[in-house]
Structure formats: C-alpha cells, structure tokens
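The values are calculated or read from the model by the stated rules, or taken from the named source; none is laboratory data. Keep in mind the model is a prediction, meaning the values are calculated, not measured. Neighbour counts are summed over all protein chains in view; Cβ atoms, including those assigned to glycine, are modelled from backbone coordinates with ideal geometry.
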C-alpha cells in the first residue's frame, strides 16, 4: 500500500518559513552583487553548495515509485513530490 501524505496544522507556517529563507538568500546575493560585482563567484559558490546539499537531501529522503502518495497537485518525480516532471524531462532531452 503506498504511503499517504497527510497535512499537519503547521504546514502553512513551515512553507512560509521556507519561502522567507529562499527569498532572503536571493535578496542577499543580489545586494552583494549590487554592492560589488566582484562578489559574484563567491556568492555563486555559496548558493551552488546550498543547492547541492538540497539535492543530497532529496536523494536521501526520496521514495520509490510504488510508494508515491504525493499531495494533490504534485506528482512523484525522481523520488520527490514536485508540481511537474516535464521541465526536468525537457532539460534532460535538450542535454542529449
């Protein structure tokens, strides 16, 4: 039986915190670049490291196709629930 995604009372505030943190990273990067464009390579390295950590977390917590159970509006895409897999498929097709 596939796992079932269950909402919790704290979901909205947790998702809001994720959004705030993502925006804070973006804003900080833009502010640093606007202050001194020579910060680009260092700021880019920090942001790429954060993305790499996130991808490693996706691999660690990803689920098998038969375990699906994503919430409404999401599909299982390479082990994680995402709004769409099409963009990933398009990017992979363009790469080959």
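Looking at 41, 4, can you tell me which residue is under 19 Å from residue 82 (Cβ atoms) and either modelled with pLDDT of 90 or more or not in a helix (DSSP H, G or I) (or both)? After applying the criteria, what remains is 4. Cβ-Cβ contacts under 7 Å between residues 6 or more apart (or on different chains), taken from a first residue in the stretch 1-23 that is at positive phi and in contact (Cβ under 8 Å) with a residue 60 or more places away in the chain to a second residue that is surrounded by 10 or more Cβ atoms within 10 Å (Cβ to Cβ) and in a helix (DSSP H, G or I), are absent. For the stretch 33-40, the criterion of being in contact (Cβ under 8 Å) with a residue 12 or more places away in the chain and touching a helix residue (DSSP H, G or I) at 6+ places or on another chain (Cβ under 9 Å) is met by no residue. Would you check if there is a residue in the stretch 15-29 being touching a helix residue (DSSP H, G or I) at 6+ places or on another chain (Cβ under 6 Å), at pLDDT 90 or above and surrounded by 11 or more Cβ atoms within 10 Å (Cβ to Cβ)? Yes, there is a match, as at least one residue in the stretch 15-29 is touching a helix residue (DSSP H, G or I) at 6+ places or on another chain (Cβ under 6 Å), at pLDDT 90 or above and surrounded by 11 or more Cβ atoms within 10 Å (Cβ to Cβ). For the criterion of being surrounded by 11 or more Cβ atoms within 10 Å (Cβ to Cβ) and within 20 Å of the chain's Cα centre (by Cα), residue 53 fails.
Do you know which of the residues in the stretch 59-74 that are touching a strand residue (DSSP E or B) at 6+ places or on another chain (Cβ under 7 Å) and surrounded by fewer than 13 Cβ atoms within 10 Å (Cβ to Cβ) is farthest from residue 26 (Cα to Cα)? Checked the stretch 59-74; the qualifying residue farthest from residue 26 (Cα to Cα) is 65.
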